[in-house]
1. Cβ-Cβ below 6 Å, separation at least six or inter-chain, first residue in the stretch 18-35 and in contact (Cβ under 8 Å) with a residue 60 or more places away in the chain, second assigned to a loop (DSSP other than H, G, I, E, B): which pairs?
2. Residue under question is GLY42, and the condition is that it be touching a strand residue (DSSP E or B) at 6+ places or on another chain (Cβ under 6 Å), of a type outside the set (A, V, I, L, M) and over 19 Å from GLU89 (Cα atoms); does it hold?
3. Before we move on, is ARG159 modelled with pLDDT under 95, touching a strand residue (DSSP E or B) at 6+ places or on another chain (Cβ under 8 Å) and surrounded by fewer than 17 Cβ atoms within 10 Å (Cβ to Cβ)?
4. So the check is Cβ under 6 Å with 6+ separation or different chains; which pairs have a first residue in the stretch 128-144 that's of a type in the set (S, T, N, Q) and a second one that's part of a helix (DSSP H, G or I)?
5. Which of (1) touching a residue at least 60 places away in the same chain (Cβ under 8 Å); (2) touching a strand residue (DSSP E or B) at 6+ places or on another chain (Cβ under 6 Å) does SER74 not meet, given it meets every other one?
6. Here is a check on your reading of the model: is SER86 of a type outside the set (A, V, I, L, M) and crowded, with 21+ Cβ neighbours inside 10 Å?
Amino acid sequence: MSSNLEDLYREVILDHYRSPRNRGELEVPPATKTDGFNPLCGDEVTVYLQVDPETDTIVDIKIQGQGCSISQASTSMMSAAVKGQSVDEARKLIRAFKALMSIHEHKLEGESDGSDLASDLEGVRLGDLEALQGVVKFPVRIKCATLSWNTLAQGLDERG
């Protein structure tokens, strides 16, 4: 990755860390509340999710939490990416983001070239989320980046 691209990605991450999108709480119910925790580093995230049952669309999402810049930036980016999306589109984004993290992790560990996960990325535009792919150089930080995505998936699975 060129240093210009790395600088741009660093700026995107810092922007989301300093000015998180969708920060706050939603009334439960009608929203659901899901907590995520990374015991390795102490990162915490809470995802409030309001899904319209008629259209199965995420009409609102709010986030809270504390932790490292990677976990908090990823949480902000996740909330911005899924707000207004259908539940199916959100699930596709979750799979694509986790595939992006895993493909690089597998390559680093020499396990595979990542082609087994490539189908999860097909046709999905990650936009600013690609800024987080540099995280994979530090495998311990991958859990920081994926915490909010796992919490969102859990919240989608648990809603009534």
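The values are calculated or read from the model by the stated rules, or taken from the named source; none is laboratory data. None of these values were measured; they are calculated from a predicted model. Here Cβ is always computed from backbone atoms with ideal geometry, including for glycine, and neighbour counts include all displayed protein chains.
1. Between residues of the stretch 18-35 that are in contact (Cβ under 8 Å) with a residue 60 or more places away in the chain and residues that are assigned to a loop (DSSP other than H, G, I, E, B), the close pairs are THR32/ARG159.
2. no
3. Considered against the rule, which asks whether it is modelled with pLDDT under 95, touching a strand residue (DSSP E or B) at 6+ places or on another chain (Cβ under 8 Å) and surrounded by fewer than 17 Cβ atoms within 10 Å (Cβ to Cβ), ARG159 comes out as yes.
4. GLN133/LEU100
5. (2)
6. So SER86 fails the test.
Listed here are the residues, each with its yes/no results for (1) at pLDDT 95 or above; (2) touching a Ser or Thr at 6+ places or on another chain (Cβ under 9 Å); (3) farther than 23 Å from ASN4 by Cα.
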site	(1), (2), (3)
SER115	no, no, yes
VAL135	no, yes, no
VAL140	no, no, yes
SER148	yes, yes, yes
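Per-residue answers, yes or no, for (1) of a type in the set (A, V, I, L, M, F, W, C); (2) surrounded by 15 or more Cβ atoms within 10 Å (Cβ to Cβ):
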residue: GLU11; (1), (2): no, no
residue: VAL51; (1), (2): yes, yes
residue: GLU54; (1), (2): no, no
residue: SER79; (1), (2): no, yes
